[in-house]
Structure formats: C-alpha cells, structure tokens
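Worksheet for the structure shown next.
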Amino acid sequence: MTEEKSFDTNYESLHFYWIGGLWGYAVMRICDNNDVIKIRLSKCKKKKGFPKTEKFKWKEIDVEHILDFSQVNHINFKNPEEFTACYKKVLKEFEDTNNP
C-alpha cells in the first residue's frame, strides 16, 4: 500500500498586477507542506468574484480571493539567488532582442 502525498499550499500574501481582460500577474508568499516559505510568481486568469484592480498597478489583495483566479503558469523561488539568476537572464534576453 502506497502512502498518498499531500501538496497543500498555505497562502500568506497576494499581490496582483492586472494587464488587461481577465489576465494578470500575481506575486504570493506561500508556505508548502514542508513548512518551506517560497515566493510564487504566477500568470493568472481572473474568475467571478475577484476584486477590481487598476490596470498596470500592483494591488495587495486579501488571500481569501486565491480561489477567484486560476494560476495558469507559476514558478516558486526558494531564495533571492534563484530569482536574481532568472531575472538577469530574462533581462539579457530582452536586451538581445532589442539590439539586433
């Protein structure tokens, strides 16, 4: 008999950046089932019940609204070094794209 693993996520904070239509980005502080704190960056699609926000401005949203959007894609960062490494690479790709 195999033991079923639980992948519960506890959401501690939620900030949303609306980019138009039903779409936006969210930055969340989460705690996984191993009590590890992570920062999640997610592309999201709003559902009915999600609070109104101003376009292209970050807004702190109560975590009770976590079920009012779908997290279409997301990435969790365990520490600032992981984020910085990714951020630098993304910036470099933009620079290379804008300087043919």
Only one of these conditions is not met by residue 36: (1) open to solvent by 50 Å² or more (accessible area, probe 1.4 Å); (2) modelled with pLDDT of 95 or more. Which number is it? (2)
Condition check for residue 11: among the hydroxyl-bearing types (Ser, Thr, Tyr), surrounded by 14 or more Cβ atoms within 10 Å (Cβ to Cβ) and touching a helix residue (DSSP H, G or I) at 6+ places or on another chain (Cβ under 8 Å): yes
Check off (1) at pLDDT 95 or above; (2) among the acidic types (Asp, Glu); (3) open to solvent by less than 50 Å² (accessible area, probe 1.4 Å) for residue 60 and give me the number that stays unchecked. (3)
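The values are calculated or read from the model by the stated rules, or taken from the named source; none is laboratory data. Everything numeric here is computed off the predicted structure, so don't read it as measured data. Reconstructed Cβ throughout: ideal geometry from the backbone, glycine too, with neighbour counts over all protein chains shown. Ligands, DNA and RNA are stripped out before the accessible areas are found, and what is left, the full protein with its side chains, is counted by its heavy atoms. Shrake-Rupley method; radii C 1.70, N 1.55, O 1.52, S 1.80 Å.
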